[in-house]
1. How far, in nm, would the chain grow between residue 68 and residue 91 when pulled straight, counting 0.36 nm per residue and subtracting the alpha carbon separation?
2. Using the count of nearby Cβ atoms within 10 Å as a rough guide to exposure, how do 1, 165, 182 rank from fewest to most?
3. What ranking of 150, 127 emerges when the number of other C-beta atoms within 10 Å of each C-beta is taken as an exposure proxy, fewest first?
4. Counting DSSP beta bridges with both partners in the chain, what percentage is antiparallel, nearest 5?
5. Using only Cα atoms, find the angle between the long axis of helix 231-242 and the longest principal axis of the chain, and express it within 0 to 90 degrees, rounded to the nearest 10.
6. Kindly state, to the nearest 0.05, the FRET efficiency for residue 124 paired with residue 175, given R0 = 30 Å and r defined as their beta-carbon distance.
7. Calculate the length of the line joining the C-alpha centroid of region 186-224 to that of region 84-151, in whole Å.
8. In terms of the ratio Rg/(2.2 N^0.38 Å) built on C-alpha atoms, what value belongs to region 96-170?
Ligand code: OAD
């Protein structure tokens, strides 16, 4: 995989860069993606059994335990060179917006200060009935635990299928996609909307579209540059070619 000089120069000169990441950016940390055959979470679990409000109401313990397992999995891994490279890009590029569909918090752990989390965060908890964050509760051994305010069930603060997207984050993500010179789409299958609409908005607004993914996606044919490879490898190489640090 080689990175064209023209792309390196465009990144160096870009004033406004927006990035969308998906599960693939955390794959090299050991976090499973959703749709990769065999290893993807959706190859082994059905989204409708685990990631919808109906599934939670039907089997609250199963859903809570599945997210507890994912929370522990993420706590046990480390950010990888892709996360660190993006944190460095944020320090070098005048206006840099990082949007993620990931709920693992690994961008923040790699030093990315501002991250637009479109699908929530595994580490946060909220009340199912009130839809409000809950930070502390009494552990009575019940699973899921109960809301200290209303007694309702607690759930992870992530976006499930059939649920509305967080308004402020979605609006900020669309605004940053319409207002950039370059849009990097990294490690996402570009199948889940509205996130998958963001790169298209960027292209419509005249941005250069770059895809970093080892596999073809519906977005590949729209991209000006396609870098086929794992995000960690590609971004480290791009960082080196830019001469932007590296450890
Ligand atoms: P997917 O699992 O759909 O796609 C992961 C993408 O990462 C695929 O296109 C892979 O080819 C690519 N990939 C795998 N390894 C990679 C690597 N080392 N470097 C770069 N790319 C790699 O995950 P998302 O696109 O993030 O939503 O999925 C979007 C949403 O669907 C998720 O946020 C989640 C899921 O259902 C909800 O739970 C609401």
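1. Once the chain is fully extended between residue 68 and residue 91, it gains 5.0 nm.
2. Values: 1 12, 165 16, 182 22.
Final ranking by Cβ density, sparse to dense: 1, 165, 182.
3. Values: 150 13, 127 21.
Ordered by Cβ neighbours within 10 Å, fewest first: 150, 127.
4. Numbers: 7 of 29 bridges.
Just about 25 percent of them are antiparallel.
5. 40
6. Details: r = 23 Å, r/R0 = 0.78.
Calculated transfer efficiency: 0.80.
7. 24
8. Against the compact-globule rule of thumb, the ratio is 1.22.
Computed from the coordinates by the stated procedures, all read-outs in this text should not be read as laboratory data. None of the values given here were measured: they were computed from a predicted structure. When we count neighbours, we look across all protein chains shown, and the Cβ atoms used for this are built from the backbone with ideal geometry, even at glycine.
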